[in-house]
1. How many of the residues in region 1-35 are farther than 24 Å from residue 56 by Cα, surrounded by 10 or more Cβ atoms within 10 Å (Cβ to Cβ) and free of Cβ contacts under 8 Å to residues at least 24 places away in the same chain?
2. Taking region 37-56 only, how many residues are in contact with a helix residue (DSSP H, G or I) (Cβ under 9 Å, 6 or more places away or on another chain) and either of a type in the set (Phe, Trp, Tyr) or exposed (fewer than 12 other Cβ atoms within 10 Å of the Cβ) (or both)?
3. Looking only at region 29-56, which residues are assigned to a helix (DSSP H, G or I) and over 17 Å from residue 13 (Cα atoms)?
Amino acid sequence: MRVKFYLANKETVTTSLSKATYDFIYSHWKAGLDVKLGERTIKHDEVSDIQVLDEE
């Protein structure tokens, strides 16, 4: 699926994710938690919104 992340610094990042990865990130973000993905951590306060662009 194609997903757009709206960052707190007003930038956006668009990427392709599996449904499972999206669900993991989204549920943690909605709960106010940071998400560790490999060497990178997505901090809850770095993301202002998440939008699904395409579910395929």
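Every number here is computed from the coordinates shown, using simple stated rules; none is lab data. In this text, all values refer to a predicted model and were calculated from it rather than measured experimentally. Using ideal geometry, Cβ is built from the backbone for each residue, glycine included, and neighbour counts are taken over all protein chains shown.
1. Residues flagged as farther than 24 Å from residue 56 by Cα, surrounded by 10 or more Cβ atoms within 10 Å (Cβ to Cβ) and free of Cβ contacts under 8 Å to residues at least 24 places away in the same chain within region 1-35 amount to 2.
2. Of all residues in region 37-56, those in contact with a helix residue (DSSP H, G or I) (Cβ under 9 Å, 6 or more places away or on another chain) come to 37, 42, 44, 47, 50, 52, 55.
If we keep only those that are either of a type in the set (Phe, Trp, Tyr) or exposed (fewer than 12 other Cβ atoms within 10 Å of the Cβ) (or both) as well, we get 37, 55.
Within region 37-56, residues that are in contact with a helix residue (DSSP H, G or I) (Cβ under 9 Å, 6 or more places away or on another chain) and either of a type in the set (Phe, Trp, Tyr) or exposed (fewer than 12 other Cβ atoms within 10 Å of the Cβ) (or both) number 2.
3. Within region 29-56, the subset assigned to a helix (DSSP H, G or I) is 29-30, 44-46.
Correct list: 30 only.
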